[in-house]
Amino acid sequence: MRSKPRTILLRYSDNKLGESKGNVIKQVNDTSVMRKILMIPGPIEYESKVLNAMSLPTMSHSSKEFVSIFRDSLLDLSTIFGASPSDSLPFIISGSGTLGMELSTVNFINRNSKVLVVNNGYFGDRFVDLFSRFTARVDQLKPSLGESVDPRVVKEKIDTNEYELMTVTHVDTSTGVRNDVKKIAEITGKSETLLVVDAVCAAGGEYLDMKWGVDVAFSASQKALGAPPGLAVGVAGKRAIERMEKVQPLSFFSDLRKWNSVSRGVLESKGSYFGTPNTNLILALSISLANILDEGMDARIRRHEKMAGAIRAGIDALGLEFIPKKAFANTVSAVYLPDGMDSKKFLADSENYGAVFASGLIKDIASTYFRIGHMGTISATEVMLAIGAIEGALKSNGYNVKVGTGLSASQEYLTENS
């Protein structure tokens, strides 16, 4: 017998689920709630142990237990970024990826410094907006939509010796384009220009190594690093630290000198304070980072490559096109909808079929495409559910598709690449 709908309430006073007439979050029918997978480019689906950590009693941020957890997290983060904590600055700070963007730039420039931005889309625009608060001397390299930046063009710019700092987005979340950070780092490493890498949609799912010549790299907890939103993370290398000591602070909360003393203290197993760390989130992150290293970085990235390939095989079989021309990311795909299809209805129908995708971010074409996140614990299960939902939503919106076409192609890819 079907039960009556009941009201589910989160009691903020004790963080338990209960029934009440006030503060209603959602009314659901216990017997008919559909499980939907989150296939957006962050936040993602998280491992149960990571989520369980968020419900544990909060520790004192100055306790030995927490300092030990924080220390392990900084060390594991350094390993994942290919950095040595002895001559670099790993940081984990409460905030979003945008905070990471600010932390990783304003500490290494002066007012009116000349900077270079590789701009592949939405977050390249954000870098330009950020720098506009501090300098008017911002140059941009803007590849055509769907193209990665040509390292030869980067070299031409860097060889002018004009730029104190350069930024590049490793994987552009808005388009799914991946830039060749290794080749770019080889160029900037031979110059005086510091290289800052936005690895928000890359770290944990793409090859990234500070030893390539990357000076600063940052990310956020909620993407391929596999923890809930709320932490800006990253590493500043030796050249960046030396530069930081020569410039005047342009911010207070984002002053890495302050956070350097915190990280150094934690790495020495001592408590050090500037701002209160998010203890529960750092605990969750510590579990996820340990899981990443237990899997092994090579194995993890190969898994991401395989799942991304299976997604592309299914999309190709359905006759849809991607925004990237060649430089496909392991972690996110940006896919054009059939001409004239209502993107909002497509996304709503996809959700009804059990998968939540993201809308477009590039303003001029936002209604013509959608984005699929495939990172973290992504497996064949999520791939098949996602492709099945896309097929169903396409058919519901009048697209001439034989159900099973995309699924068959994805399954064949997975089998051939097992």
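Just so you know, all these numbers are worked out from the coordinates, no wet-lab data involved. Every value quoted in this text rests on a predicted model; they were computed, and no experiment measured them. Counting neighbours? That spans all protein chains shown, and the Cβs are built from the backbone with ideal geometry, glycine included.
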Item to check | Computed helical MRE - 222 nm, the chain, DSSP H runs ≥ 4 contributing -39500 (n - 2.57), nearest 500 | outcome: -11000 deg cm²/dmol
Checklist entry - Which whole-number percent of Cα pairs in the stretch 259-418 have a distance greater than 20 Å? => result 58 percent
Item to check | Net charge of neighbours whose Cβ lies under 10 Å from the Cβ of ILE158, counting Lys and Arg as +1 and Asp and Glu as -1 | outcome: -1
Item to check | Neighbourhood net charge (11 Å Cβ-Cβ; Lys/Arg +1, Asp/Glu -1) for PHE218 | outcome: -2
Checklist entry - Between GLN248 and ASP159, what length comes free when the chain is fully extended (0.36 nm per residue of separation minus the Cα-Cα distance, one decimal in nm)? => result 29.4 nm
Next on the checklist: Report D for the chain in µm² per second (integer): Stokes-Einstein, Kirkwood Rh on Cα pairs, 25 °C, 0.890 mPa s.
Outcome noted: 109 µm²/s
Checklist entry - Please state the relative contact order of the stretch 288-380 as a whole percent: Cα pairs under 8 Å, 6+ residues apart? => result 29 percent
Item to check | Total formal charge among the other residues, if their Cβ is under 10 angstrom from that of LEU293, Lys/Arg +1 and Asp/Glu -1 | outcome: -2
Next on the checklist: With a cap of 11 neighbouring Cβ atoms within 10 Å, and only residues DSSP puts in a loop, list the trypsin sites (Lys or Arg not before Pro) found in the stretch 117-153.
Outcome noted: ARG133
Item to check | Where Cα atoms sit under 18 Å apart: lysine pairs in the stretch 211-301 separated by 8 or more or lying on different chains | outcome: 5
Checklist entry - Which loop GluC sites (Glu not before Pro) in the stretch 172-215, with loop taken from DSSP, have no more than 16 other Cβ atoms within 10 angstrom of their Cβ? => result GLU192
Item to check | Assigned charges on the beta-carbon of Lys, Arg, Asp, Glu; the stretch 286-418 dipole about Cα centre (debye) | outcome: 200 debye
Checklist outcome for this item: Membrane-span-like helices (DSSP H runs, Cα span along own axis at least 20 Å, mean Kyte-Doolittle at least -1.0) in the chain -> 64-80, 279-295, 297-317, 380-396
